Amino acid sequence: MALSIQNPLFLLPGSVSASPVASQTPHFRSSRLAQLTFGNGRRVDFPIVFAPMAGLSHVAFRQVVRSYLPAGAQAVLFTEMLSTRLLPKEDVGHTPQTQVAPGEQDLVPQLLGNDERLIAQSLEKLQAISPAGIDINMGCPVSKVLKHNWGVALMGDIGYAEKVVRQTRRLTTLPLSVKMRTGLTDDPEYLVDFARMLEEAGADWMTLHPRIQAHHRKGSANWSYIARVREAVRVPVVGNGDIQESSDVLRMHMETGCDGVMVARAATARPWIFWQVGEALGLPPPSGRENERAPRSPAEEGLESGRALNRFCDELEKHFLPEQQLPRLRLFLAWGHKWLFFGHYLGTRVNRCADLPAARKVIDAFFAEPKTLQPRTSLQ
């Protein structure tokens, strides 16, 4: 089935009746996100967005995710969080955080910062990788970011945050987005005012992770806030938070009306979630997986885990120096093992390895016996 820009993000009634989630899910509404024109003249026609994650959303992981996108899908993928204090001095396109693979024309770099001069210099340097858009981080909750008045700290001063967005808007013609949280306190009225400010200041779209700064990943994300923000603004709103299974993606859209759903750390364990959602929407399998169904059962997902992890190691070897490979594998497993039965054992064994070749032997031995993946785990 060919993808259609004219009917974006759409589940055709009865088109995938065999899918476990299709029968439970109404069609996606026509998405505002599909109406944006990104850099390189691209339009988005797939509703799942790959999140910006420090130390994770690098070229190797992105290539794994791409291997599970429906054939022909036009998606949005973020880089990892990039500091505007460092970018002006870096050889963008060649550093570990800014490397790109051939054909990556759908990348949105996420900027951490608040200084107009450094943002301008960063945007100039980022031209080397032809970004599809630019994102401002107003969601990172960690203390070392907050002390610089970066990340979610910007949400504590609506006037200052507006200044940062307006400055960035003046500096680029690319689609501009903001990734944010509920804020420093649980105040939905302030959140709506903040979202309206972002729109007026020039943000073309926004992503909301509805948790306050102090909660980090604790408790449950309040998806009702996504719906409130989506109703309050005219620009696209992407939802984020507590996405672990493909059914979560479809349920978030159904409950909030959001224009897209961002998948973050769950993709370290289940990168084929993009395939699963595509299948539920009646889209074709990934290239090279024609005539296959997306893995669904715990045993099928356990088998796919081994394949995905080996593909991740292949990409690490392709894009990173030997001394850069193992730290990235360890971080990847630090999250991904949470869903995998006996995954802690795998992570512990890999942490003891001296290099990636040794880690690959551990991985091969681990998956020599069938493994299973559990649907959900604690993200704290």
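Which numbered condition in (1) outside any strand (DSSP E or B); (2) modelled with pLDDT under 95 is the only one that ASN137 fails?
With respect to (1) outside any strand (DSSP E or B); (2) modelled with pLDDT under 95, ASN137 is out only on (1).
Quick check: anything in the stretch 329-349 in contact with a strand residue (DSSP E or B) (Cβ under 8 Å, 6 or more places away or on another chain), farther than 19 Å from ALA264 by Cβ and without any contact (Cβ under 8 Å) to a residue 60 or more places away in the chain?
yes
Out of the residues in the stretch 241-261 that are in a helix (DSSP H, G or I) and in contact (Cβ under 8 Å) with a residue 40 or more places away in the chain, which is nearest to LEU36 (Cα to Cα)?
It comes out as HIS253.
Give the residue, chosen from GLU301, GLU245, that is in contact with a strand residue (DSSP E or B) (Cβ under 6 Å, 6 or more places away or on another chain), over 30 Å from ARG196 (Cα atoms) and modelled with pLDDT of 95 or more.
The conditions single out GLU301.
Looking for whichever is assigned by TED's automatic domain parsing to the domain that holds ARG66, at pLDDT below 95, within 22 Å of the chain's Cα centre (by Cα) and surrounded by 19 or more Cβ atoms within 10 Å (Cβ to Cβ) here; the options are LEU146, LEU126, LEU112. Which one fits?
Selected residue: LEU112, the only one of LEU146, LEU126, LEU112 that is assigned by TED's automatic domain parsing to the domain that holds ARG66, at pLDDT below 95, within 22 Å of the chain's Cα centre (by Cα) and surrounded by 19 or more Cβ atoms within 10 Å (Cβ to Cβ).
Determine whether the stretch 341-361 contains at least one residue that is assigned to a helix (DSSP H, G or I), more than 21 Å from the chain's Cα centre (by Cα) and polar (S, T, N, Q).
yes
Taking the stretch 267-324 only, how many residues are outside any helix (DSSP H, G or I), polar (S, T, N, Q) and more than 18 Å from VAL249 (Cα to Cα)?
2
Quick one: which of GLY202, GLY241 is crowded, with 18+ Cβ neighbours inside 10 Å and of a type outside the set (A, V, I, L, M, F, W, C)?
GLY241
Just to be sure before I move on: is ALA71 at pLDDT 95 or above, surrounded by fewer than 20 Cβ atoms within 10 Å (Cβ to Cβ) and aliphatic (A, V, I, L, M) in the structure I sent?
yes
Is there a residue being part of a loop (DSSP other than H, G, I, E, B), modelled with pLDDT under 95 and over 19 Å from LEU111 (Cα atoms) anywhere in the stretch 230-240?
No: zero hits.
The values are calculated or read from the model by the stated rules, or taken from the named source; none is laboratory data. Bear in mind the structure is a predicted one, so any value in this text is a computation, not a measurement. Cβ coordinates were reconstructed from backbone atoms using ideal geometry, including for glycine residues, and neighbour counts include every protein chain displayed.
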